[in-house]
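> Got a structure for you, written out below as structure tokens; questions coming shortly.
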Amino acid sequence: MRMHRKSHLDERLAACGKILTIADLADKNMKRAAAQRETLDFEQIFGNDNPVRLEIGCGKGKFVCELAARNPDVNFIAVEKISNVLIEAVERALNEGLKNVHFINSAAEVLPRYVSEGAVELIYLNFSNPLPKLGYAKQRLTHPKFLEEYKKLLRAGGRIIQKTDDGDFYRFSLESYAECGYKILEKCEDLHALRDCENIVTEHEKRFADMGKNIYRIIAET
């Protein structure tokens, strides 16, 4: 089902310009677009040199906004390619008065255009689309082509924390991390059984858990 475009979307996005970067996708060739560097100056954006963490696919922003509120001494970059969804996250951050979150309206493929190498200490991948059909494997956010790009964005010893409800995607991701030389620090097939009080439950996570699905988590290190 096609998502109904939110009313006054362009005006609302423009009003959030202080904490939102909209990717220039005039060039539809993602690889070429990513190579046109316009790296963001995070110290200028946030007014400090605090460590930076990145969420790819932030959805409506529940996770990143709660995480930012809990960690005021960490800066967060939240990425979402669907502007119709992203607007809710950006407006939520503004309404909550969060000063340590900046959003990028972009596909993951174009991130190197805006995030400089070694700028990030941690990447969150929360319930990325598993794209189960074999023909879509290269579009999965844990395909080796993406993991190699994440290595460039992460500083030495940087980590990826991934959560998914899809067992096949979980196993595919483990294989991809191993192929790319990541060290697996944790692989968990029933996150909620751990009763991890630090875990922030995303919108998708609650829905899947309520359906009785296991929640998988991987923590990988470069």
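> Kirkwood hydrodynamic radius, computed over distinct alpha-carbon pairs, for segment 1-82: how many Å, to one decimal? All intermediate terms of the calculation are to be shown ahead of the outcome.
Values: mean 1/r = 0.0668 Å⁻¹.
When all Cα pairs of segment 1-82 are included, the Kirkwood radius is 15.0 Å.
> Now, a different point. Given a Förster distance of 41 angstrom, what is the FRET efficiency for residue 9 paired with residue 187, based on the Cβ-Cβ distance and rounded to 0.05?
After rounding to 0.05, the efficiency reads 0.55.
> With the crude spin-label approximation of a point 7 Å out along Cα→Cβ, what separation in nm comes out for residue 43 versus residue 94?
2.9
> Using the C-alpha atoms of segment 1-43, what convex hull volume per residue, in cubic angstrom, is computed?
122
> Here is a further query. Relative contact order for the chain: what percent, with Cα pairs under 8 Å and sequence separation of 6 or more?
Relative contact order, the chain: 19 percent.
> On to the next question. How big is the gap, in Å, between the Cα center of segment 1-65 and the Cα center of segment 83-140?
Computed from Cα coordinates, the inter-centre distance equals 8 Å.
> Under 10 Å, Cα contacts only: if you run a Gaussian network model on the chain, which one of 132, 72, 144 comes out with the highest mean-square fluctuation?
Highest fluctuation among the options: 132.
> By the gyration tensor of its Cα atoms, with a ≥ b ≥ c the square roots of the eigenvalues, what is the shape of segment 106-222: rounded for a/c under 1.5, prolate for a/b over b/c, or oblate?
It comes out prolate by the Cα gyration axes.
> How much of the accessible area of the chain, in percent, comes from carbon and sulfur atoms when a 1.4 Å probe is used?
C and S atoms contribute 49 percent here.
> How would 109, 205, 179, 221 line up by accessible area, probe 1.4 Å, largest first?
Order by accessible area, largest first: 179, 109, 221, 205.
> From the P(r) of segment 156-222, could you give the percentage of C-alpha pairs in the tail past 18 Å?
Taking all Cα-Cα pairs of segment 156-222, the fraction more than 18 Å apart is 36 percent.
> Turning to a different aspect of this structure: In what order, largest first, do 81, 28 sit by accessible area if the probe radius is 1.4 Å?
The ranking, largest first, comes out as 28, 81.
> Right, next: Taking only protein heavy atoms into account and a 1.4 Å probe, give the accessible area per residue of the chain in Å².
Per residue, the chain has 53 Å² of solvent-accessible surface.
> On the full set of protein chains, 1.4 Å probe, figure out the accessible area of residue 92 and give it in Å² to the nearest 10.
Looks like 90 Å² after rounding.
> Here is a further query. Report, please, the projected area of segment 94-147 averaged over directions, based on the convex hull of its C-alpha atoms, in nm². Show your work: numbers first, answer last.
Values: hull surface 21.0 nm².
Across all orientations, segment 94-147 yields a mean hull projection of 5.2 nm².
> Averaged over every viewing direction, what's the projected area of the C-alpha convex hull for the chain? Give it in nm², one decimal, please.
The Cα convex hull of the chain, projected and averaged over all directions, gives 12.6 nm².
The values are calculated or read from the model by the stated rules, or taken from the named source; none is laboratory data. What you see is a predicted model, and the numbers here were worked out from it, not measured in a lab. So basically every Cβ, Gly included, is an ideal-geometry build from the backbone, and we count neighbours across all protein chains shown. For accessibility, only protein heavy atoms count, side chains too; no ligands or nucleic acids. Shrake-Rupley method; radii C 1.70, N 1.55, O 1.52, S 1.80 Å.
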